[in-house]
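Chemist: Before we start, here is the structure in question, set down as structure tokens.
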Amino acid sequence: MRGTVAAAVSATVWFLLYYSSLRLLPPTSVIGANDSSYPGGRFDLADFLGSLLWPPIPTHQTWLIGIIALVCLLSASAVGYFILLSWSLSRSTVEKGIAYGLGVFAVTGLMVWLANGYHPAVMRGALADTGFYLLGWSGWATLQLCATFVVHGGVLGWLYRTDSSMSQ
């Protein structure tokens, strides 16, 4: 139960940071596409995941599917963190959480980069091809995504540390 609370709070922090900082990024440029499907012409992970799971183009329904998929992926990521800690027989720290957040950022950036090659909405020009770790869109997008995952991991590490120290 304690891990569930830590995962839920850290995922909430990730969503708040991600969506509050998304509008600070420059708009993407998609030739011949209708950018109104995602907020302010910005690349959104929820749109990306949702239209990958329910192709071919992003809609409001695919955005909701993407939000659900992001919640599931962030929860699975937290469970992976807990399993790694129990496997190594170590306690959670903020530093370990931050390192794990960097790892999740690395995996997410790699998966988005690879998925651009077969994503139906990207191939139809409905979503921008953001390139390697979102650098094809903007270096600020890469920093934004990295910062949100680092904070997510730090909060996860801190909350799980606090919860596990309270149980003894």
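The values are calculated or read from the model by the stated rules, or taken from the named source; none is laboratory data. Remember, it's a predicted structure, so these values are computed and weren't measured experimentally. Heads up, the Cβs are rebuilt from the backbone with ideal geometry, glycines too, and the neighbour counts pull from every protein chain shown. Side chains are part of the model used for accessible areas, which takes the heavy atoms of the whole protein and leaves out ligands, DNA and RNA. Shrake-Rupley method; radii C 1.70, N 1.55, O 1.52, S 1.80 Å.
Chemist: Which one is modelled with the highest pLDDT among residues in region 43-62 that are open to solvent by 40 Å² or more (accessible area, probe 1.4 Å) and assigned to a loop (DSSP other than H, G, I, E, B)?
Modeler: Restricting attention to region 43-62, the residues satisfying the condition of being open to solvent by 40 Å² or more (accessible area, probe 1.4 Å) are 52-57, 59-61.
Pick out the ones that are also assigned to a loop (DSSP other than H, G, I, E, B) and you get 54-57, 59.
On the way: TRP54: 92, PRO55: 89, PRO56: 87, ILE57: 85, THR59: 87.
Among residues in region 43-62 that are open to solvent by 40 Å² or more (accessible area, probe 1.4 Å) and assigned to a loop (DSSP other than H, G, I, E, B), the one modelled with the highest pLDDT is TRP54.
Chemist: Find all pairs meeting these conditions: Cβ atoms under 9 angstrom apart; at least six residues apart or on different chains; first residue within region 68-95 and hydrophobic (A, V, I, L, M, F, W, C); second residue outside any helix (DSSP H, G or I).
Modeler: PHE82/SER92; LEU84/SER90; LEU85/ARG91; LEU85/SER92
Chemist: Separate question: Which members of region 129-163 meet the condition of being of a type in the set (Gly, Ala, Ser), open to solvent by 30 Å² or more (accessible area, probe 1.4 Å) and within 12 Å of PHE105 (Cα to Cα)? Walk me through how you get there before you give the answer.
Modeler: Residues of region 129-163 of a type in the set (Gly, Ala, Ser): 131, 136, 138-139, 141, 147, 153-154, 157.
Keeping just the survivors that are open to solvent by 30 Å² or more (accessible area, probe 1.4 Å) gives 136, 139, 147.
ALA147 - this is the single residue of region 129-163 that is of a type in the set (Gly, Ala, Ser), open to solvent by 30 Å² or more (accessible area, probe 1.4 Å) and within 12 Å of PHE105 (Cα to Cα).
Chemist: Take the conditions open to solvent by less than 40 Å² (accessible area, probe 1.4 Å) and more than 14 Å from the chain's Cα centre (by Cα) and apply them to GLY117. Does it pass? Let's see the steps before the verdict.
Modeler: Working: open to solvent by less than 40 Å² (accessible area, probe 1.4 Å): no; more than 14 Å from the chain's Cα centre (by Cα): yes.
In short, no.
Chemist: So VAL122 passes all but one of these: (1) surrounded by 14 or more Cβ atoms within 10 Å (Cβ to Cβ); (2) on the phi < 0 side of the Ramachandran plot; (3) part of a loop (DSSP other than H, G, I, E, B). Which condition number does it fail?
Modeler: With (1) surrounded by 14 or more Cβ atoms within 10 Å (Cβ to Cβ); (2) on the phi < 0 side of the Ramachandran plot; (3) part of a loop (DSSP other than H, G, I, E, B) applied to VAL122, the lone miss is (3).
Chemist: Can you tell me which residues in region 45-62 are within 14 Å of the chain's Cα centre (by Cα), farther than 23 Å from VAL5 by Cα and among the hydrophobic types (A, V, I, L, M, F, W, C)?
Modeler: First, the residues of region 45-62 that are within 14 Å of the chain's Cα centre (by Cα): 45-50.
Adding the requirement that they be farther than 23 Å from VAL5 by Cα leaves 45, 47-50.
Once the filter is applied, which keeps residues that are within 14 Å of the chain's Cα centre (by Cα), farther than 23 Å from VAL5 by Cα and among the hydrophobic types (A, V, I, L, M, F, W, C), region 45-62 yields LEU45, PHE48, LEU49.
Chemist: Name every residue in region 63-114 that is part of a loop (DSSP other than H, G, I, E, B) and surrounded by fewer than 15 Cβ atoms within 10 Å (Cβ to Cβ), in order of residue number.
Modeler: Within region 63-114, LEU89, SER90, ARG91 meet the criteria.
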